[in-house]
Amino acid sequence: MELETALEAVRGRGGAEGLERVLGRYNEKNRATFKFDPADEDKRKKLCEGILNILEKDTKTSCRVACLEALRILSRDKKVLVPVTTKENMQILMRLAKLDMTEDSLEDVSNFPVIVEALKCLCNIVFNSAIAQKLSLELNLAAMLCNLLKKCKDQQFVDAIKCFDLRLLFLLSLLHTEIRSQLHHELQGLQVLTQALESSFSIRWTDKYKAAEEHDGSPLSLQETDCAIEALKALFNVTLDSWNVHSENESHQFRYMAAILRHCLLTVGPTEDKTEELHSNAINLLSNIPVSCLDVLINPSTQEETVLKYNGMNMDAIQVLLDFMEKRIDKGSSYREGLTPVLSLLTECCRAHRNIRKFIKAQVLPPLRDVSNRPEVGTTVRNKLVRLMTHVDLGVKQIAAEFLFVLCKERVDNLLKYTGYGNAAGLLAARGLLAGGRGDHWYSDDEDTDTEEYKSAKPNINLITGHVEEPMPNPMDEMTEEQKEYEAMKLVNMFDKLSRDEVIKPMGVRPDGTMTPLEETICQYQTNEQDSSDSD
């Protein structure tokens, strides 16, 4: 009934005030509607056309807001966007959103609700329509959004405009690779988006790449947090291919961005969930920044600061990353999306920056004292990470093992000490290190950190399980020689059957530490023996 009434109103029956009142009722009833009746599809298309015809005319602000709210609700349905996604109609919405290349400031506060609603409509339309995505490139929408962001820079009361401007930039850079490239290389997207991110935090700089520590701990407002999150998401898309720094200017830009992200990690949002979302997006963006530029995460610490220090460096941001990682492990679900980005970031930081590695190792892999339990049993961070080394998800298993391996300076003997051979076998097989040794990266030598308790227990540790086991009785002690031979042949026959049925494939280890079928290992061993005897 409301749809019929709204359709009649946009056709001009009832005047401007009647139209505003009718659309207001329609909007109120359908505010939370995301699924629409297919039988009314044609009526909704006509309603969209009628609303756009009204928006093209010069109507009062409140009527425009009501029309745009209705169009935003209707644009949730992909099937009714055909009349909307024309060049002319997109330009109407862009004009209402003040998306132009003029340098005029946003002075008329009364127009702000219209701008916000027009941006919301464009977000829905671009997200739901491939035609609109192509038109966005043709209409140079990204450049106009960047220009609107610059207008918002020194304006008050424009957080909502900035937030939806950033969301639209995020959608465009997500759905259109050409726009992503355009933002990076032509529109100075990195600088514009970084400035938008910085303005969300009200940062006060005390030195190059160093923000003042705010000890009052006042949280961001909800709108400031949402703006920061949208800026982080847009920056993530624009920096996807930024693994290498090619110039001094790029290096400065990424270090500046990393300094802002450090401040972001030390900032809290209005709620715990919003804080986690903010930090999660900051971590995703940090993963795109060249690792050589992440040294600003651990600025030198001054004496008067009451912060976490290690070797004279401020480790507050690194501690936040560790706490975030443990919280994501404790969640127990969505490890691939929620945990692997922070584990990957910490791994690269540890590989490239000695102070970060030593600080994290002191917390994750402290010197062993009690080795009575298996490495995967317990509630410490080490126990939780070792459990992930045998996770069913291959990506999660690999990154958890890689993180611990890097903390051990890629030395096999160190890794086995903390995890046991059974938990580390997957990583060692993949890296060709089953015979021992170390990885390809070079690390500085550290002093021996073995405790007296570990040294005394070491001879009794089971290398497979990684802990001291109670001696088990040998079941063969009470067997006769005939019984031993019978059990041995029975085991051989069982393995032979499994091998012939291709249920298992016996493997051996080459001298270089890689795995190979057992018959090849035996042949190689026999060849080596023959060569050795011939030389004698």
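Note on residue 35 and residue 206: their simple-model spin labels are 5.5 nm apart, each label 7 Å out from Cα toward Cβ. For residue 134, go through the lysines and keep the ones whose alpha-carbon is under 22 Å away, minus same-chain ones fewer than eight residues off. Qualifying lysines at Cα under 22 Å: 45, 78, 79, 87, 98, 120, 233.
Packing here is the average count of other Cβ atoms within 10 Å per residue, and on that basis the peptides 87-96, 38-47, 468-477, highest first, run 87-96, 38-47, 468-477. Computed from point charges on the beta carbon alone (+1 for Lys and Arg, -1 for Asp and Glu), the dipole magnitude for region 373-502 about its Cα centre is near 580 Debye. Element breakdown for the chain at a 1.4 angstrom probe: carbon and sulfur atoms account for 51% of the accessible area. With the charge dipole of the chain set up from +1 on Lys and Arg Cβ and -1 on Asp and Glu Cβ about the Cα centre, the Cα lying farthest toward the positive end among the listed residues 320, 75, 396 is that of 75. For the chain, rounded, prolate or oblate, judged on the Cα gyration tensor with a ≥ b ≥ c (square roots of eigenvalues), a/c < 1.5 rounded, else prolate if a/b > b/c? Cα axes put the chain in the prolate bin.
Restriction of the trypsin sites (Lys or Arg not before Pro) in region 118-154 to DSSP coil positions whose beta-carbon has at most 15 other beta-carbons within 10 angstrom yields 153. Excluding ligands, DNA and RNA, the accessible surface per residue across the chain is 52 Å² with a 1.4 Å probe.
A straight line joining the Cα centroids of region 341-370 and region 116-174 runs 40 Å.
Within the set 458/497; 43/151; 327/409; 46/274, which residue pairs have Cα atoms separated by over 31 Å? Cα-Cα > 31 Å for 458/497; 43/151; 46/274; rest within.
For region 223-297, the Stokes-Einstein estimate of translational diffusion at 25 °C and a viscosity of 0.890 mPa s comes to 195 µm²/s, using the Kirkwood hydrodynamic radius over alpha-carbon pairs. Across every direction, the projection of the convex hull enclosing the Cα atoms of region 1-132 has a mean area of 7.9 nm².
Excluding same-chain neighbours fewer than eight residues apart, the lysines reachable from residue 210 by a Cα-Cα span under 20 Å are 309.
For the chain, build the charge dipole from Cβ charges (+1 Lys, Arg; -1 Asp, Glu) around the Cα centre, then report which of 26, 240, 491 sits farthest towards its positive end. About the Cα centre, the residue reaching furthest to the positive side is 26. With each label point set 7 Å from Cα along the Cα-Cβ vector, what nm distance links residue 476 and residue 273? Between residue 476 and residue 273, the simple spin-label model gives 6.1 nm.
The values are calculated or read from the model by the stated rules, or taken from the named source; none is laboratory data. All values derive from a computational prediction rather than experimental measurement. In this analysis, Cβ positions are derived from the backbone assuming ideal geometry, glycine residues included, and neighbour counts consider all displayed protein chains. Accessible surface is based on the protein model in full, side chains and every heavy atom, while ligands, DNA and RNA are left aside. Shrake-Rupley method; radii C 1.70, N 1.55, O 1.52, S 1.80 Å.
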